[in-house]
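Some notes on the structure that comes next.
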Protein chains: 4
Amino acid sequence: MIVEMRKGVTAEEIDAVKQRAKSLGLGVQLNLGTDKVVIAILGGNTGQLSTDIFAVLPGVESVSRIMKPYKLASREFRSQDSIVSIGGVEVGGKKIVVMAGPCAVENEEQLVEAAKVVKEAGASILRGGAYKPRTSPFAFQGLQKVGLELLAKVRDQFKVPVITEVVDTHDVQLVSKYADILQVGARNMQNFTLLTEIGMKGCPVVLKRGLSATVAEWLTAADYLLAEGNHQVILCERGIRTFETTARFSLDITSIPVIKKSSHLPVVVDPSHAAGHFALVPAIARAAIAAGADGLLIEVHPNPKEALVDGLQSLSPSDFTRLMKELRQIAESVGRTL
Amino acid sequence: MIVEMRKGVTAEEIDAVKQRAKSLGLGVQLNLGTDKVVIAILGGNTGQLSTDIFAVLPGVESVSRIMKPYKLASREFRSQDSIVSIGGVEVGGKKIVVMAGPCAVENEEQLVEAAKVVKEAGASILRGGAYKPRTSPFAFQGLQKVGLELLAKVRDQFKVPVITEVVDTHDVQLVSKYADILQVGARNMQNFTLLTEIGMKGCPVVLKRGLSATVAEWLTAADYLLAEGNHQVILCERGIRTFETTARFSLDITSIPVIKKSSHLPVVVDPSHAAGHFALVPAIARAAIAAGADGLLIEVHPNPKEALVDGLQSLSPSDFTRLMKELRQIAESVGRTL
Amino acid sequence: MIVEMRKGVTAEEIDAVKQRAKSLGLGVQLNLGTDKVVIAILGGNTGQLSTDIFAVLPGVESVSRIMKPYKLASREFRSQDSIVSIGGVEVGGKKIVVMAGPCAVENEEQLVEAAKVVKEAGASILRGGAYKPRTSPFAFQGLQKVGLELLAKVRDQFKVPVITEVVDTHDVQLVSKYADILQVGARNMQNFTLLTEIGMKGCPVVLKRGLSATVAEWLTAADYLLAEGNHQVILCERGIRTFETTARFSLDITSIPVIKKSSHLPVVVDPSHAAGHFALVPAIARAAIAAGADGLLIEVHPNPKEALVDGLQSLSPSDFTRLMKELRQIAESVGRTL
Amino acid sequence: MIVEMRKGVTAEEIDAVKQRAKSLGLGVQLNLGTDKVVIAILGGNTGQLSTDIFAVLPGVESVSRIMKPYKLASREFRSQDSIVSIGGVEVGGKKIVVMAGPCAVENEEQLVEAAKVVKEAGASILRGGAYKPRTSPFAFQGLQKVGLELLAKVRDQFKVPVITEVVDTHDVQLVSKYADILQVGARNMQNFTLLTEIGMKGCPVVLKRGLSATVAEWLTAADYLLAEGNHQVILCERGIRTFETTARFSLDITSIPVIKKSSHLPVVVDPSHAAGHFALVPAIARAAIAAGADGLLIEVHPNPKEALVDGLQSLSPSDFTRLMKELRQIAESVGRTL
């Protein structure tokens, strides 16, 4: 249930609504907008309660139900766009944010080289995987803690925030010590204990869409993060599984306007994992910006042919530099910067 | 098999290759490029023949096999982009071509109004359905012959080529008398007798992708048109069927760069049928141009709320005019015009 | 709208309902059950009409709306199971009907051999393709008229009804002269002009499910046949297109109980096209009978390794004979015969 | 790589192969068959090694590569069917094993009642969820530890093994203390840290197929369990996500024969989650046994209408008892018992 408070509402009136909810065993989340306070009343059985319970309280303007499965991620709860701030970089504002770097951190030389390239070309955030969830147990699983240390070192050297994936609740504490943004991978989108753990941690997080998740399920997964009070949530479209096999996944370009309509959360696109082939990355990246995405997550490797993981989908430094120029043009044509 | 002839090949040498093929019961298609002649040798069992059969003939430079299921639609057969000309309008060149108009022709007033709006806003071709393939036999099936006559009348009045769908082999003759471009709908993409009939007719045709067709199947369906000597073929991506339900179909944006890599045929995008909702159309349309599409097929209705068919996905005149301005910006940012 | 008439209704009362419908420009279909007459009132805009228009007429017991897109194929229109009779063979009754034979008719010897094998093993109907809709125009397209003649000859010799595919409205007249059952292939499920033509013809028809058609769309396509007064309609599940690639299509076993619940039409299963590989056929065939299917459509070739089309998915005579024994056991375990 | 040892191989010879592998940084898994020893050599880059490295060692009969992504789950590693033993109940043998009970443990009365019903009807294992991974954070999440205690209590009372889901690495220790079989849910199929943890624990585990996982990915996920030396692995098909919406998921019946061909692991089917509706469960359950499944996982609730979770897909006691009789018939018709 969504309780919209009157303009000029007092702290006592807000508190009364919260107390009423708690007395009914319900949770509460506040959206303190610049000119309006909205309170979400949360629980498994709010559907059975009368809205009058809250409508009669002083300071309440209106009470309505959110018919969608997701509540906190919805525009009904928060009508303005959310902006996520990471060390001075804002995701969800006018500027398109590009996060680029290698799929897996391999060694210091590779990461330094990648950081140099992507920063020069205009990327704002460095990506690199330390923990790699691999389909087979016999494949390279990432440098793990050593990879995190390298990321932190290169971040300090280049003054660029870093994003890396976390794959287990055990590692949230450790990874968040080194990284500026945690990434939840597609296969973990509905790993609810992991989401809850990251939600409690409160750090910026990129939530990738599950490869067969509907947009509604994806936003409902975001509610797991938001429900713990973590509002630093960025969504990432990375393609869905369909029958088509010319690309690794089918990037669902329509999800961008759908999310912009239904949610206040910023959304970025990962063309590299969707495509599975570097030659398809530029077209998808351009399309994403044209469709309204707030940023991109792109794989760039100093030497794609020697990459330990996903070399085929990584851009070379020169391809990336060229793409950034194209993207800048597209960004401007839709009234944004890059 | 693809037989590339030497520069300066003579008509006799070309003829000898054709004769050799015929003597083996095989078909032949020529691509007379500006500086090279390519001959496709076609048949069900060319895989069992030795390439030497043709390699030894005079004037032959090289013989190779096309490993893909599609042959004539492939870049191997024709490396330059094909351009389709319709009464002065070129699809596949620098200029992005917009085909717009109502889903179904309803009456003269509606069609005239639509033609005025879309032409003023910059569309080059008028679309309108006379034969409507409807899921249920009890739904409005289109004005049929009366619709065709209205289309022809409005075309002459506004000097704008028209495109309309043909749904049965019986109607090809009639529809091609009235329309400048025939459209093969998604549900007929593998109606091979219809394709063969249109192929023999030789008129410009837009081949929509089947809602569960792979890109390879789509291009192989185009081969049915090309095999009859009809080279006026335009592909149209209109979304594929997936598990996601927020839009009617999932527009496969990646198919654009895939086709540009694998085929010489121009490709346009239909954001209206993919979206199923007017609010999603502009973002998809912008993305299509950014990804490299050669044009768009957009539903515009003078009064969407009163449309007999698909009103929800039709743009109003003012929405369409606004979108055209946005598209012009995107087109310029990728080095094209609109 | 569904108008249920009172027990003992007179011909005049029925006629009055029909006249009322016609005066409103609506279509009518009668279901003359043993103890009840049901009249379907059909048209694009029955949703806007009041049910009172018919409820007030004499002899009318009740008037209700069918909320599903399909009307005549629904259990609401006809609550008892429909049985389709083909030269003494009944599909939809207690006996499971097996239709077996080669994918394509190749020559007389092959067809005679196949007919002998499948009849001896207990199949009731011989299948064989004369017109083959092939993905590529350069593949073998079937023997066409010659194939039809062979089918008719072998039918007379073995006293077994034959089923064959029809791919174009032009051919309906010809094919129905030779075959006992027409088959509409998956790619033509929504070829509405073809359905209408076969509907008018009135002969038994097997309607295959489109490879990305929902059950609702499939039943609505059946309405095109039923609306022309052809009630000899058999549905055929043959797998849907999904991301899984170990089989050619994913047989949707759940569609069997779904159809039994929602429709009165008999449904058979084609395990051969679904599997794409002979080794998977027996398990799917057994599952289909266990799930409640009324029959099977199985590819059997005297010598699968030399088949011109789809050899890999054809059973050898000995495999088919063994499978029939297994199926007989399953049929008995669900209270049916084979 | 698969190293097959000669008949009568000595322990020293086996050890030499293991040592050779370790010296190259590779892992090793043994399959000690009754008349043959097979050694799997495991690692990310075995593809680059020559098979001769092992072929020259004494006692080695042959060395081959497994071209599939899964190794330990493949028939190449182990040709005989694996049988998993749980407190006297064998899964993968002649007897079909039914695991039944409520979706979620709600209270002792409900669980006792369910246990009584399912045991009397012939189920061998009691299922019940204590940890419920729910799409929304505001839905009932299960009784958790209290639920586990109830399960253990009822197990002791009815002398029936219990299966319950584990959703996080943190809980593996606790859940395995109470349950006889751990269940990994569809959304966790590629939660690799969870799989590794359970693999190390060594207890029986049911691995559900991810809702968009290919069969190959599913078997490769099983390799995560097997690689830790846990051979008590049962697969569970529970439907995949497709465009069809009449059932919650599309049960992939073909996966049963595919797995029987490619893997030695037993496979069971969950018709309840696939269907999402109790009326569809019996047909799917019958089909599963007919297709060759080794067991079923069925939701049964003493009073489905009052279930806290998934009541619509739960069978009532009388429906379950009736279904078990049908299944017994099917089991016999395919040469098995139940």
**Placed amide H near C:Val98: partners under 5 Å, 5+ positions off or other chain** = C:Ser124, C:Ile125, C:Leu296
**Message:** Quick check for you: which residues of segment D:1-41 have the amide N under 15 Å from the point 7 Å beyond the Cα of C:His277 toward its beta carbon?
**Reply:** none
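Treating the beta-carbon of each Lys and Arg as +1 and of each Asp and Glu as -1, no other charges, what is the dipole magnitude of segment D:185-326 about its Cα centre, to the nearest 20 debye?
With Lys and Arg at +1 and Asp and Glu at -1, about 180 debye.
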**Asked** In debye to the nearest 20, how big a dipole does segment B:53-132 give about its Cα centre with +1 on each Lys and Arg Cβ and -1 on each Asp and Glu Cβ?
**Response** 460
**Asked** What's the average, rounded to a whole number, of partner chain beta-carbon atoms within 10 Å of each residue's beta-carbon in D:234-244?
**Response** 6
**Asked** Quick one: putting +1 on the C-beta of Lys and Arg, -1 on the C-beta of Asp and Glu, what dipole do you get for segment A:1-118 around its Cα centre, in Debye to the nearest 20?
**Response** 520
**Message:** I'd like the orientation of helix C:108-121 relative to chain C: the angle between its Cα long axis and the longest Cα principal axis, in ° from 0 to 90, rounded to 10.
**Reply:** 70
**Asked** For chain C, modelled as a GNM with alpha-carbon contacts under 10 angstrom, which of C:Pro257, C:Pro317, C:Pro266 fluctuates the most?
**Response** C:Pro257
**Request:** For segment B:5-103, compute the number of Lys pairs whose alpha carbons are separated by less than 28 Å, excluding pairs fewer than 8 positions apart on the same chain.
**Result:** 17
**Fill in**
So for R0 = 25 Å, FRET eff. of B:Ile83-B:Glu12 from the Cβ-Cβ r, to 0.05, ends up at 0.25
**Prompt:** Who wins for biggest fluctuation among C:Gly93, C:Gly202, C:Gly33 in a Gaussian network model of chain C, springs between alpha carbons below 10 Å?
**Reply:** C:Gly33
**³J(HN,Hα) computed for each position of segment A:46-53 - Karplus, 6.51 cos²θ - 1.76 cosθ + 1.60, integer Hz, glycine/proline x** = 5, x, 8, 8, 6, 5, 4, 3
**Complete:** If each K or R counts +1 and each D or E counts -1, the residues other than C:Val118 whose Cβ falls under 11 Å of its Cβ total 0
**Prompt:** Tilt of helix D:192-201 relative to the longest C-alpha principal axis of chain D, in degrees (0 to 90, nearest 10)?
**Reply:** 80
**segment A:99-124 versus segment C:186-245: alpha-carbon centroid distance in Å** = 55
**Request:** For A:Gly87, go 7 angstrom from Cα along the Cα-to-Cβ vector, then report the distances to that same point in the other copies in nm, smallest first.
**Result:** 5.3, 6.0, 7.9
**Candidates B:Lys71, B:Lys208, B:Lys95: whichever shows maximal mean-square fluctuation once chain B is modelled as a Gaussian network with Cα springs under 10 Å** = B:Lys95
**Other-copy label distances relative to B:Asp319, 7 angstrom Cα-Cβ extension, nm** = 3.7, 4.2, 5.3
**Request:** Within segment D:7-45, report the trypsin sites (Lys or Arg not before Pro) that DSSP leaves as loop and that have at most 14 other Cβ atoms within 10 Å.
**Result:** D:Lys7
**Item:** Relative contact order %, chain D, counting alpha carbon pairs below 8 Å whose residues are six or more apart
**Value:** 17
**Prompt:** So what's the Cα pair-distance distribution over the protein assembly as shown, bin width 20 Å, in %?
**Reply:** 10, 34, 41, 14, 1
**Prompt:** So what's the angle, to the nearest 10 degrees on a 0 to 90 scale, between helix B:317-333 and the longest Cα principal axis of chain B?
**Reply:** 40
**Item:** Computed FRET value (nearest 0.05) for B:Arg65 with B:Met200, which takes r as the C-beta separation and R₀ as 30 Å
**Value:** 0.65
**Asked** For the rotation bringing A onto C, which A residue has its Cβ nearest the axis, and at how many Å?
**Response** A:Phe243, 3
**Request:** Output ³J(HN,Hα) for segment C:133-142: one whole-Hz value per residue in order, computed from phi by the Karplus curve 6.51 cos²θ - 1.76 cosθ + 1.60 with θ = phi - 60°, and x for Gly and Pro.
**Result:** x, 9, 3, 10, x, 9, 9, 4, 9, x
**Request:** Let me have the relative contact order for segment A:28-136, percent, based on Cα pairs under 8 Å that are six or more residues apart.
**Result:** 17
**Item:** In segment D:137-191, the chymotrypsin sites (Phe, Trp or Tyr not before Pro) that fall in loop regions by DSSP, at most 16 other Cβ within 10 Å
**Value:** D:Phe140
**Request:** Between the label point of D:Lys116 and that of the same position in each other copy, find the distances and list them shortest first in nm, with every label point placed 7 Å from Cα along the Cα-to-C-beta direction.
**Result:** 6.5, 7.7, 8.0
**HN-Hα J in Hz across segment A:26-43 - Karplus 6.51, -1.76, 1.60, θ = phi - 60°, x for Gly and Pro** = 9, x, 9, 9, 9, 10, 8, x, 5, 10, 7, 10, 10, 10, 8, 9, 10, x
**Asked** Which whole-number percent of Cα pairs in segment A:195-338 have a distance greater than 22 Å?
**Response** 42
**Message:** Using the Cα centre of chain B as origin and beta-carbon charges of +1 (Lys, Arg) and -1 (Asp, Glu), tell me which of B:Ile198, B:Val154, B:Val281 is placed farthest towards the positive end of the dipole.
**Reply:** B:Val281
**Message:** For segment A:227-265, which GluC sites (Glu not before Pro) pass both filters: DSSP loop (anything but H, G, I, E, B) and at most 12 other C-beta atoms within 10 Å?
**Reply:** none
**Asked** Under a Cβ-Cβ cut-off of 14 Å, what is the net charge of the residues other than B:Ser50 that fall near it, where Lys and Arg count +1 and Asp and Glu count -1?
**Response** +1
**Asked** What FRET efficiency, computed as 1/(1 + (r/R0)^6) with R0 = 41 Å and r the Cβ-Cβ distance, is obtained for C:Lys261 and A:Lys22, rounded to the nearest 0.05?
**Response** 0.35
**Complete:** Net charge near B:Gln157 (other residues with Cβ under 11 Å of its Cβ; Lys, Arg +1; Asp, Glu -1) is +3
**Complete:** For C:Gly142, the residues 5 or more places away or on another chain with a placed amide H closer than 5 Å to its own amide H are C:Lys132
**Request:** Please list the non-local residues whose amide H lies under 5 Å from the amide H of C:Ile240, H modeled 1.01 Å from N, same-chain partners needing a gap of 5 or more.
**Result:** C:Ser250, C:Leu251, C:Asp252
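Bear in mind that the values in this text are calculations on the coordinates, not laboratory data. In this text, all values refer to a predicted model and were calculated from it rather than measured experimentally. Glycine also receives a Cβ, built like all others from the backbone with ideal geometry; neighbour counts cover every protein chain displayed.
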